[in-house]
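See structure below.
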Amino acid sequence: MPLVRIDALRAGTERLEALGRAVHDALVETIGIPPGDLFQVLTDHDGVRGMLRYGDFPDIRRDDDIVFVAITLRSGRTADQKRALYRRIADLAQSYAGTEPRNVFVFLTENESIDWSFGEGIAQYARP
Amino acid sequence: MPLVRIDALRAGTERLEALGRAVHDALVETIGIPPGDLFQVLTDHDGVRGMLRYGDFPDIRRDDDIVFVAITLRSGRTADQKRALYRRIADLAQSYAGTEPRNVFVFLTENESIDWSFGEGIAQYARP
Amino acid sequence: MPLVRIDALRAGTERLEALGRAVHDALVETIGIPPGDLFQVLTDHDGVRGMLRYGDFPDIRRDDDIVFVAITLRSGRTADQKRALYRRIADLAQSYAGTEPRNVFVFLTENESIDWSFGEGIAQYARP
(Lines give C-alpha, C1' and ligand atoms only; values in the text may rest on other atoms or scores of the structure.)
Protein backbone atom coordinates (compact mmCIF):
# COMPACT_ATOMS: atom_id res chain seq x y z
CA MET A 1 0.00 0.00 0.00
CA PRO A 2 2.47 2.67 0.60
CA LEU A 3 2.88 4.68 -2.55
CA VAL A 4 6.41 6.04 -2.56
CA ARG A 5 7.67 8.93 -4.68
CA ILE A 6 11.40 9.48 -4.79
CA ASP A 7 12.85 12.58 -6.44
CA ALA A 8 16.59 12.90 -6.99
CA LEU A 9 18.93 15.07 -9.04
CA ARG A 10 21.20 13.57 -11.71
CA ALA A 11 21.41 10.37 -9.68
CA GLY A 12 21.65 7.93 -12.57
CA THR A 13 19.44 4.90 -13.05
CA GLU A 14 21.44 2.61 -10.81
CA ARG A 15 21.55 4.93 -7.82
CA LEU A 16 17.90 5.83 -8.26
CA GLU A 17 16.93 2.19 -8.20
CA ALA A 18 19.12 1.61 -5.14
CA LEU A 19 17.25 4.39 -3.35
CA GLY A 20 13.98 2.70 -4.22
CA ARG A 21 15.23 -0.56 -2.71
CA ALA A 22 16.44 1.26 0.41
CA VAL A 23 13.04 2.79 1.07
CA HIS A 24 11.17 -0.41 0.39
CA ASP A 25 13.38 -2.58 2.57
CA ALA A 26 13.01 -0.03 5.37
CA LEU A 27 9.21 -0.16 5.06
CA VAL A 28 9.27 -3.95 5.21
CA GLU A 29 11.63 -4.08 8.18
CA THR A 30 10.22 -1.32 10.38
CA ILE A 31 6.48 -1.05 9.79
CA GLY A 32 5.54 -4.48 8.55
CA ILE A 33 4.83 -3.82 4.89
CA PRO A 34 4.65 -7.11 2.92
CA PRO A 35 7.59 -7.48 0.49
CA GLY A 36 5.28 -7.60 -2.52
CA ASP A 37 3.51 -4.41 -1.42
CA LEU A 38 5.82 -2.29 -3.53
CA PHE A 39 4.60 0.75 -5.46
CA GLN A 40 7.12 3.43 -6.36
CA VAL A 41 7.53 6.33 -8.74
CA LEU A 42 11.21 7.23 -9.08
CA THR A 43 12.23 10.42 -10.89
CA ASP A 44 15.73 11.57 -11.71
CA HIS A 45 15.67 15.30 -12.44
CA ASP A 46 18.13 16.78 -14.90
CA GLY A 47 18.39 20.24 -13.32
CA VAL A 48 16.86 21.84 -16.41
CA ARG A 49 13.37 20.46 -17.04
CA GLY A 50 13.25 19.13 -13.50
CA MET A 51 14.77 20.86 -10.50
CA LEU A 52 15.09 20.23 -6.80
CA ARG A 53 15.48 23.29 -4.60
CA TYR A 54 16.51 23.06 -0.96
CA GLY A 55 17.66 25.12 2.01
CA ASP A 56 19.51 24.26 5.21
CA PHE A 57 16.62 24.03 7.66
CA PRO A 58 17.00 23.02 10.50
CA ASP A 59 20.74 23.58 10.24
CA ILE A 60 21.51 20.63 7.97
CA ARG A 61 24.07 21.11 5.22
CA ARG A 62 22.69 19.52 2.04
CA ASP A 63 24.00 19.23 -1.48
CA ASP A 64 22.82 18.00 -4.88
CA ASP A 65 22.82 14.40 -3.62
CA ILE A 66 19.58 15.36 -1.85
CA VAL A 67 16.73 12.88 -2.10
CA PHE A 68 13.08 13.64 -1.39
CA VAL A 69 11.08 10.61 -0.24
CA ALA A 70 7.29 11.05 -0.13
CA ILE A 71 5.32 8.17 1.35
CA THR A 72 1.53 7.93 1.30
CA LEU A 73 0.17 5.24 3.62
CA ARG A 74 -2.81 4.29 5.75
CA SER A 75 -3.04 5.93 9.17
CA GLY A 76 -2.25 3.81 12.20
CA ARG A 77 1.52 3.67 12.54
CA THR A 78 2.84 4.84 15.91
CA ALA A 79 5.35 7.63 16.43
CA ASP A 80 8.00 5.07 17.33
CA GLN A 81 7.37 3.08 14.17
CA LYS A 82 7.73 6.22 12.11
CA ARG A 83 10.98 7.14 13.86
CA ALA A 84 12.33 3.66 13.19
CA LEU A 85 11.33 4.02 9.55
CA TYR A 86 13.22 7.32 9.12
CA ARG A 87 16.29 5.86 10.80
CA ARG A 88 16.27 2.78 8.58
CA ILE A 89 15.68 4.68 5.34
CA ALA A 90 18.66 6.91 6.12
CA ASP A 91 20.85 3.92 6.97
CA LEU A 92 19.91 1.89 3.90
CA ALA A 93 20.14 4.88 1.54
CA GLN A 94 23.74 5.16 2.67
CA SER A 95 24.43 1.42 2.38
CA TYR A 96 22.72 0.86 -0.96
CA ALA A 97 23.17 4.19 -2.75
CA GLY A 98 25.98 6.00 -0.96
CA THR A 99 23.62 8.82 -0.01
CA GLU A 100 24.62 10.53 3.21
CA PRO A 101 21.89 10.71 5.90
CA ARG A 102 21.98 14.53 5.85
CA ASN A 103 20.65 14.38 2.28
CA VAL A 104 17.69 12.11 2.97
CA PHE A 105 14.45 14.05 3.35
CA VAL A 106 11.32 11.99 4.15
CA PHE A 107 7.70 12.89 4.75
CA LEU A 108 4.50 10.94 5.21
CA THR A 109 0.89 11.61 4.21
CA GLU A 110 -1.82 9.40 5.65
CA ASN A 111 -5.19 8.28 4.37
CA GLU A 112 -7.64 5.45 5.20
CA SER A 113 -8.40 1.88 4.13
CA ILE A 114 -11.17 2.91 1.74
CA ASP A 115 -8.72 5.15 -0.10
CA TRP A 116 -6.84 2.34 -1.85
CA SER A 117 -7.60 0.28 -4.91
CA PHE A 118 -4.77 -2.10 -5.81
CA GLY A 119 -6.29 -3.07 -9.12
CA GLU A 120 -9.34 -4.79 -10.60
CA GLY A 121 -11.47 -1.78 -9.67
CA ILE A 122 -11.83 -2.96 -6.07
CA ALA A 123 -11.17 -1.34 -2.67
CA GLN A 124 -9.29 -4.37 -1.36
CA TYR A 125 -8.89 -3.05 2.19
CA ALA A 126 -12.56 -2.11 2.53
CA ARG A 127 -14.83 -4.54 0.77
CA PRO A 128 -18.55 -3.93 1.34
CA MET B 1 -11.10 20.23 -7.63
CA PRO B 2 -9.66 16.87 -7.72
CA LEU B 3 -6.03 17.10 -8.66
CA VAL B 4 -5.12 13.91 -10.47
CA ARG B 5 -1.60 12.60 -11.04
CA ILE B 6 -1.19 9.72 -13.43
CA ASP B 7 2.14 7.95 -13.80
CA ALA B 8 2.68 5.41 -16.55
CA LEU B 9 5.62 3.66 -18.18
CA ARG B 10 6.38 4.10 -21.89
CA ALA B 11 2.66 4.54 -22.57
CA GLY B 12 2.95 7.02 -25.41
CA THR B 13 1.16 10.35 -25.61
CA GLU B 14 -2.08 8.96 -26.96
CA ARG B 15 -2.53 6.24 -24.36
CA LEU B 16 -1.50 8.63 -21.58
CA GLU B 17 -4.13 11.11 -22.66
CA ALA B 18 -6.72 8.32 -22.89
CA LEU B 19 -5.95 7.39 -19.29
CA GLY B 20 -6.49 11.00 -18.28
CA ARG B 21 -9.89 11.00 -19.97
CA ALA B 22 -10.80 7.68 -18.31
CA VAL B 23 -10.10 9.02 -14.82
CA HIS B 24 -11.87 12.30 -15.45
CA ASP B 25 -14.99 10.73 -16.93
CA ALA B 26 -15.12 8.33 -13.96
CA LEU B 27 -14.93 11.26 -11.52
CA VAL B 28 -17.74 13.04 -13.35
CA GLU B 29 -19.95 9.96 -13.51
CA THR B 30 -19.50 8.51 -10.04
CA ILE B 31 -18.82 11.34 -7.59
CA GLY B 32 -20.41 14.33 -9.26
CA ILE B 33 -17.35 16.31 -10.34
CA PRO B 34 -18.31 19.04 -12.86
CA PRO B 35 -16.93 18.32 -16.35
CA GLY B 36 -14.87 21.53 -16.35
CA ASP B 37 -13.33 20.65 -12.97
CA LEU B 38 -10.38 18.98 -14.66
CA PHE B 39 -6.84 19.27 -13.30
CA GLN B 40 -4.34 16.58 -14.22
CA VAL B 41 -0.61 16.00 -14.32
CA LEU B 42 0.21 13.09 -16.63
CA THR B 43 3.72 11.66 -16.73
CA ASP B 44 5.06 9.00 -19.04
CA HIS B 45 8.23 7.53 -17.56
CA ASP B 46 10.97 6.24 -19.83
CA GLY B 47 12.34 3.56 -17.50
CA VAL B 48 15.68 5.36 -17.24
CA ARG B 49 15.19 8.85 -15.79
CA GLY B 50 11.76 7.86 -14.53
CA MET B 51 10.86 4.43 -13.20
CA LEU B 52 7.82 2.70 -11.81
CA ARG B 53 8.46 -0.20 -9.45
CA TYR B 54 5.73 -2.61 -8.40
CA GLY B 55 5.11 -5.90 -6.65
CA ASP B 56 2.23 -8.38 -6.70
CA PHE B 57 0.38 -7.38 -3.52
CA PRO B 58 -2.32 -8.58 -2.81
CA ASP B 59 -1.79 -11.37 -5.30
CA ILE B 60 -2.34 -9.34 -8.46
CA ARG B 61 -0.13 -10.04 -11.44
CA ARG B 62 0.99 -6.70 -12.89
CA ASP B 63 3.23 -5.76 -15.79
CA ASP B 64 4.74 -2.64 -17.33
CA ASP B 65 1.29 -1.46 -18.43
CA ILE B 66 0.80 -0.50 -14.79
CA VAL B 67 -0.73 2.90 -14.12
CA PHE B 68 -0.64 4.78 -10.82
CA VAL B 69 -3.55 7.16 -10.31
CA ALA B 70 -3.26 9.58 -7.38
CA ILE B 71 -6.32 11.70 -6.65
CA THR B 72 -6.38 14.55 -4.13
CA LEU B 73 -9.91 15.72 -3.30
CA ARG B 74 -12.02 17.27 -0.57
CA SER B 75 -13.23 14.94 2.16
CA GLY B 76 -16.87 13.94 2.15
CA ARG B 77 -17.30 11.15 -0.38
CA THR B 78 -18.84 7.97 1.02
CA ALA B 79 -17.24 4.54 0.90
CA ASP B 80 -19.76 3.48 -1.75
CA GLN B 81 -18.96 6.47 -3.92
CA LYS B 82 -15.27 5.65 -3.70
CA ARG B 83 -15.91 2.03 -4.62
CA ALA B 84 -17.96 3.12 -7.63
CA LEU B 85 -15.13 5.45 -8.63
CA TYR B 86 -12.51 2.68 -8.57
CA ARG B 87 -14.78 0.38 -10.56
CA ARG B 88 -15.43 3.03 -13.21
CA ILE B 89 -11.80 4.09 -13.54
CA ALA B 90 -10.80 0.47 -14.13
CA ASP B 91 -13.57 -0.01 -16.70
CA LEU B 92 -12.85 3.19 -18.62
CA ALA B 93 -9.08 2.68 -18.53
CA GLN B 94 -9.73 -0.57 -20.34
CA SER B 95 -12.21 0.95 -22.81
CA TYR B 96 -10.24 4.09 -23.62
CA ALA B 97 -6.63 2.97 -23.23
CA GLY B 98 -6.66 -0.81 -23.38
CA THR B 99 -5.24 -1.02 -19.84
CA GLU B 100 -6.29 -4.14 -18.02
CA PRO B 101 -8.00 -3.62 -14.64
CA ARG B 102 -5.23 -5.57 -12.86
CA ASN B 103 -2.80 -2.81 -13.86
CA VAL B 104 -4.86 0.11 -12.53
CA PHE B 105 -3.69 1.26 -9.11
CA VAL B 106 -5.66 4.12 -7.53
CA PHE B 107 -5.36 5.97 -4.23
CA LEU B 108 -7.02 9.02 -2.70
CA THR B 109 -5.79 11.74 -0.38
CA GLU B 110 -8.32 14.07 1.18
CA ASN B 111 -8.17 17.65 2.33
CA GLU B 112 -10.70 20.40 3.08
CA SER B 113 -12.49 23.27 1.32
CA ILE B 114 -10.05 25.90 2.53
CA ASP B 115 -7.20 23.94 0.96
CA TRP B 116 -8.01 24.86 -2.65
CA SER B 117 -7.33 27.95 -4.71
CA PHE B 118 -8.46 27.55 -8.32
CA GLY B 119 -6.82 30.75 -9.45
CA GLU B 120 -6.93 34.51 -8.92
CA GLY B 121 -5.39 34.06 -5.47
CA ILE B 122 -8.76 33.15 -3.94
CA ALA B 123 -9.98 30.19 -1.84
CA GLN B 124 -13.10 29.74 -3.97
CA TYR B 125 -14.65 27.05 -1.76
CA ALA B 126 -14.13 29.01 1.47
CA ARG B 127 -14.59 32.72 0.95
CA PRO B 128 -14.49 34.78 4.14
CA MET C 1 8.89 21.75 6.13
CA PRO C 2 6.52 22.49 3.40
CA LEU C 3 7.27 20.24 0.49
CA VAL C 4 6.25 22.08 -2.65
CA ARG C 5 5.66 20.50 -6.05
CA ILE C 6 5.26 22.83 -8.99
CA ASP C 7 4.20 21.51 -12.39
CA ALA C 8 4.28 23.76 -15.44
CA LEU C 9 4.13 23.33 -19.21
CA ARG C 10 7.02 24.41 -21.44
CA ALA C 11 7.88 27.15 -18.96
CA GLY C 12 11.66 27.11 -19.44
CA THR C 13 14.18 26.83 -16.65
CA GLU C 14 14.20 30.50 -15.76
CA ARG C 15 10.45 30.88 -15.43
CA LEU C 16 10.19 27.60 -13.54
CA GLU C 17 12.76 28.76 -11.04
CA ALA C 18 10.98 32.12 -10.70
CA LEU C 19 7.77 30.26 -9.84
CA GLY C 20 9.66 28.36 -7.17
CA ARG C 21 10.90 31.61 -5.67
CA ALA C 22 7.39 33.09 -5.79
CA VAL C 23 5.89 30.22 -3.81
CA HIS C 24 8.69 30.15 -1.29
CA ASP C 25 8.66 33.88 -0.64
CA ALA C 26 4.89 33.72 -0.18
CA LEU C 27 5.27 30.92 2.37
CA VAL C 28 7.87 32.93 4.27
CA GLU C 29 5.84 36.13 4.23
CA THR C 30 2.36 34.83 5.00
CA ILE C 31 2.64 31.73 7.18
CA GLY C 32 5.98 32.17 8.88
CA ILE C 33 8.09 29.54 7.16
CA PRO C 34 11.82 30.09 7.87
CA PRO C 35 13.72 31.18 4.74
CA GLY C 36 15.98 28.10 4.87
CA ASP C 37 12.95 25.80 5.11
CA LEU C 38 12.89 25.35 1.35
CA PHE C 39 12.08 22.01 -0.30
CA GLN C 40 10.76 22.03 -3.83
CA VAL C 41 10.35 19.70 -6.79
CA LEU C 42 9.87 21.72 -9.98
CA THR C 43 8.85 19.97 -13.19
CA ASP C 44 8.55 21.48 -16.63
CA HIS C 45 6.41 19.22 -18.81
CA ASP C 46 7.02 19.04 -22.54
CA GLY C 47 3.45 18.27 -23.58
CA VAL C 48 4.49 14.87 -24.92
CA ARG C 49 5.97 12.75 -22.13
CA GLY C 50 4.45 15.07 -19.53
CA MET C 51 1.09 16.76 -19.90
CA LEU C 52 -1.07 19.12 -17.90
CA ARG C 53 -4.80 18.95 -18.55
CA TYR C 54 -7.19 21.59 -17.26
CA GLY C 55 -10.77 22.83 -17.53
CA ASP C 56 -12.43 26.15 -16.77
CA PHE C 57 -13.92 25.40 -13.34
CA PRO C 58 -15.21 27.58 -11.65
CA ASP C 59 -15.49 29.82 -14.69
CA ILE C 60 -11.81 30.74 -14.95
CA ARG C 61 -10.28 30.97 -18.39
CA ARG C 62 -6.88 29.22 -18.29
CA ASP C 63 -4.23 28.57 -20.90
CA ASP C 64 -0.96 26.68 -21.22
CA ASP C 65 0.73 29.10 -18.80
CA ILE C 66 -1.13 27.18 -16.09
CA VAL C 67 0.86 26.25 -13.00
CA PHE C 68 -0.11 23.61 -10.45
CA VAL C 69 1.29 24.26 -6.97
CA ALA C 70 0.95 21.39 -4.47
CA ILE C 71 2.02 22.16 -0.90
CA THR C 72 2.29 19.53 1.83
CA LEU C 73 2.61 21.05 5.30
CA ARG C 74 1.85 20.44 8.95
CA SER C 75 -1.71 21.13 10.09
CA GLY C 76 -2.34 24.25 12.15
CA ARG C 77 -2.57 27.18 9.75
CA THR C 78 -5.79 29.19 10.01
CA ALA C 79 -8.17 29.83 7.14
CA ASP C 80 -7.05 33.45 7.02
CA GLN C 81 -3.40 32.45 6.79
CA LYS C 82 -4.20 30.12 3.92
CA ARG C 83 -6.15 32.84 2.10
CA ALA C 84 -3.22 35.23 2.53
CA LEU C 85 -0.90 32.55 1.16
CA TYR C 86 -2.97 32.03 -2.01
CA ARG C 87 -3.18 35.79 -2.57
CA ARG C 88 0.57 36.22 -2.17
CA ILE C 89 1.50 33.25 -4.38
CA ALA C 90 -0.69 34.65 -7.17
CA ASP C 91 0.81 38.12 -6.79
CA LEU C 92 4.43 36.96 -6.72
CA ALA C 93 3.94 34.48 -9.57
CA GLN C 94 2.89 37.45 -11.65
CA SER C 95 5.75 39.68 -10.44
CA TYR C 96 8.51 37.10 -10.70
CA ALA C 97 7.39 34.89 -13.57
CA GLY C 98 4.79 36.87 -15.49
CA THR C 99 2.16 34.23 -14.75
CA GLU C 100 -1.34 35.66 -14.62
CA PRO C 101 -3.29 34.95 -11.40
CA ARG C 102 -5.99 33.08 -13.36
CA ASN C 103 -3.35 30.46 -14.23
CA VAL C 104 -2.16 29.81 -10.66
CA PHE C 105 -3.75 26.72 -9.15
CA VAL C 106 -2.78 25.91 -5.53
CA PHE C 107 -3.78 23.16 -3.13
CA LEU C 108 -2.66 22.07 0.32
CA THR C 109 -2.35 18.68 1.98
CA GLU C 110 -1.75 18.55 5.71
CA ASN C 111 0.01 16.09 7.94
CA GLU C 112 1.50 16.15 11.47
CA SER C 113 4.80 16.86 13.22
CA ILE C 114 5.79 13.21 13.41
CA ASP C 115 5.45 12.92 9.65
CA TRP C 116 8.65 14.82 8.80
CA SER C 117 12.27 13.79 8.75
CA PHE C 118 14.54 16.57 7.49
CA GLY C 119 17.58 14.34 7.32
CA GLU C 120 19.92 12.30 9.51
CA GLY C 121 17.15 9.72 10.02
CA ILE C 122 15.48 11.83 12.72
CA ALA C 123 11.92 13.16 13.20
CA GLN C 124 13.13 16.65 14.06
CA TYR C 125 9.69 18.02 14.97
CA ALA C 126 8.85 15.08 17.25
CA ARG C 127 11.87 13.82 19.11
CA PRO C 128 11.10 11.16 21.69
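Summary of values
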read-out: Shielding by other protein chains, A:28-39, mean Cβ within 10 Å; value: 3
read-out: Directionally averaged projected area (convex hull, Cα atoms, the protein assembly as shown), nm²; value: 16.4 nm²
read-out: Within the accessible area of chain B (1.4 Å probe), percent carbon and sulfur; value: 46 percent
read-out: Computed label-point distance, nm, for sites A:ARG127 and C:THR13 using a 7 Å Cα→Cβ extension; value: 5.3 nm
read-out: Most positive-pole-ward Cα, C:ILE114, C:ASN103, C:ILE89, against dipole of chain C from beta carbon charges; value: C:ILE114
read-out: Estimated dipole of chain B in Debye, rounded to 20 [Cβ of Lys and Arg +1, of Asp and Glu -1, Cα centre]; value: 200 debye
read-out: Between helix C:79-97 and chain C: long-axis angle, C-alpha atoms, 0 to 90°, nearest 10; value: 50 degrees
read-out: Solvent accessible area, Å² - A:TYR54, 1.4 Å probe, full protein context; value: 60 Å²
read-out: Threshold 30 Å², region A:107-128 residues less accessible with all protein chains present than alone (1.4 Å probe); value: A:PHE107, A:LEU108, A:THR109, A:ILE114, A:ASP115, A:TRP116, A:SER117, A:PHE118, A:GLU120, A:GLY121, A:PRO128
read-out: Beta bridges per DSSP with both ends in region C:3-115, % antiparallel, nearest 5; value: 30 percent
read-out: Antiparallel DSSP beta bridges within the protein assembly as shown, percent to nearest 5; value: 50 percent
read-out: Whole-number Å³ per residue for the convex hull built on Cα positions in region C:1-66; value: 105 Å³
read-out: Kirkwood-Stokes translational diffusion coefficient of chain B, alpha-carbon pairs, 20 °C, 1.002 mPa s, µm²/s; value: 139 µm²/s
read-out: Mean ellipticity per residue at 222 nm, deg cm²/dmol - from DSSP H runs of n ≥ 4 across chain B, formula -39500 (n - 2.57); value: -10000 deg cm²/dmol
read-out: Per residue solvent-accessible surface (Å²) - the protein assembly as shown, probe of 1.4 Å; value: 36 Å²
read-out: Crossing angle, helix C:13-31 versus chain C [Cα axis fit, 0-90 degrees, rounded to tens]; value: 50 degrees
read-out: Average Cα contact separation per residue, chain A, under 8 Å, 6 or more apart, as relative contact order %; value: 32 percent
read-out: Heavy-atom accessible surface that B and A bury in contact, both chains counted, 1.4 Å, Å² to 100; value: 3000 Å²
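The values are calculated or read from the model by the stated rules, or taken from the named source; none is laboratory data. Only a predicted model underlies this, so the values are computations on that prediction, with no experimental measurement involved. Note that we place each Cβ from the backbone using ideal geometry, even for glycine, and neighbour counts take in every protein chain shown. Just so you know, the surface numbers come from the protein's heavy atoms only, side chains and all, with ligands and any DNA or RNA stripped out. Shrake-Rupley method; radii C 1.70, N 1.55, O 1.52, S 1.80 Å.
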